[in-house]
């Protein structure tokens, strides 16, 4: 597939870029244990009653784990941009929620909305930090094996595996489309260019869907039956048997 070709042996893919190499306790932790720990932290953050003391304790715990794993705090903060949709929704809650009102800088805001928005933002931030630490200390392939060890349905593991494998292809397709737009002097300055961006997104979706169909047909033609082979088990070097004693030399041909 184009997009995955031409990478050198030392180049890193989009998914590999999330991993921060290291030899800390978190890096050496088995993937299924790390997954259980991350899910446990996320469940605890959601289940605990709204309390800033509890949220601060979780934040200190994650900060300590990041320091233990030698994951830079700046890296965690930069990757936290993925929670922007949750932040926007949390900021809108005080304006749309009902209940007692309070004036803030001339704006009438809902007390309930402020509390709910702050709780949502705190929980989303802690959940995102947990996911960032998990991705920074466990390789994607190891996480897939961890899901298998946790008896996650095989179809879910395969969907996740295909997403990790082909995200690089989709990203490369996006880059080529952006280069094509730039070559035509396209600049997204205001909402008037929204139609062009929407058409590009639709074209990217159609191309990805068609590529998925072709890959699926190719897999079926090669005997795919719902489960992928373990590539590491297939390519794992087999033990070389001990050298056998030298056999007796072949007999000389009998003279006629």
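The values are calculated or read from the model by the stated rules, or taken from the named source; none is laboratory data. All values derive from a computational prediction rather than experimental measurement. Note that each Cβ is placed from the backbone with ideal geometry, even for glycine, and that neighbours are counted across all protein chains shown.
The set of residues in segment 177-195 being surrounded by 12 or more Cβ atoms within 10 Å (Cβ to Cβ) and in a helix (DSSP H, G or I) consists of 177, 178, 181, 193. Quick one: is residue 109 at pLDDT 90 or above and more than 21 Å from residue 76 (Cβ to Cβ)? Criteria not met by residue 109. The single condition among (1) at pLDDT 95 or above; (2) on the phi > 0 side of the Ramachandran plot that residue 60 does not meet is (2). Scanning segment 222-240 for residues that are modelled with pLDDT of 85 or more and under 18 Å from residue 166 (Cβ atoms) turns up at least one hit.
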